[in-house]
1. Among the residues of region 21-44, what is the count of those that are part of a loop (DSSP other than H, G, I, E, B), surrounded by fewer than 17 Cβ atoms within 10 Å (Cβ to Cβ) and in contact with a strand residue (DSSP E or B) (Cβ under 8 Å, 6 or more places away or on another chain)?
2. Restricting attention to region 83-90, does a residue exist that is farther than 15 Å from residue 5 by Cα and under 14 Å from the mean Cα position of the chain (by Cα)?
3. For the structure I just gave you, tell me whether residue 65 is modelled with pLDDT under 90, out of contact with any helix residue (DSSP H, G or I) (no Cβ under 7 Å at 6 or more places or on another chain), closer than 22 Å to residue 85 by Cβ and surrounded by fewer than 16 Cβ atoms within 10 Å (Cβ to Cβ).
4. Can you name the residue in region 68-93 that is in a strand (DSSP E or B) and in contact (Cβ under 8 Å) with a residue 24 or more places away in the chain and, of all such residues, is surrounded by the fewest Cβ atoms within 10 Å (Cβ to Cβ)?
5. Being surrounded by fewer than 10 Cβ atoms within 10 Å (Cβ to Cβ) and either touching a helix residue (DSSP H, G or I) at 6+ places or on another chain (Cβ under 7 Å) or touching a residue at least 60 places away in the same chain (Cβ under 8 Å) (or both) is the requirement here; does residue 14 meet it?
């Protein structure tokens, strides 16, 4: 965990094992409706957030193990900003 970034090891593709499996995981993990998952591993997720807009949605991060509530915060105002902010972290050791 870091105060200024999250780990995004991959971005799902389009397909049954990609963003098209969002409905399954939303139901299984009791995630908010009107999102499309971009990445995640059960206890945390990165998603398009269509809850308040149908065009150019913000990208959110969700942590399901944050106390009694799910932590949700905006990573980027849109997908382009998210992609432009990606970088490869290289450990100096």
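1. 4
2. No, there is no match, as no residue in region 83-90 is farther than 15 Å from residue 5 by Cα and under 14 Å from the mean Cα position of the chain (by Cα).
3. no
4. 74
5. Yes; evaluated as a whole, the condition is true for this residue.
Matching residues to (1) at pLDDT below 90; (2) in contact with a helix residue (DSSP H, G or I) (Cβ under 6 Å, 6 or more places away or on another chain):
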residue	(1), (2)
6	yes, no
18	yes, no
27	no, no
36	no, yes
41	yes, no
48	no, no
52	no, no
57	no, no
70	yes, no
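The values are calculated or read from the model by the stated rules, or taken from the named source; none is laboratory data. What you are looking at is a predicted structure, and each value in this text was computed from that prediction instead of being measured. Positions of Cβ are generated from backbone atoms using ideal geometry, with glycine treated the same way; all protein chains shown enter the neighbour counts.
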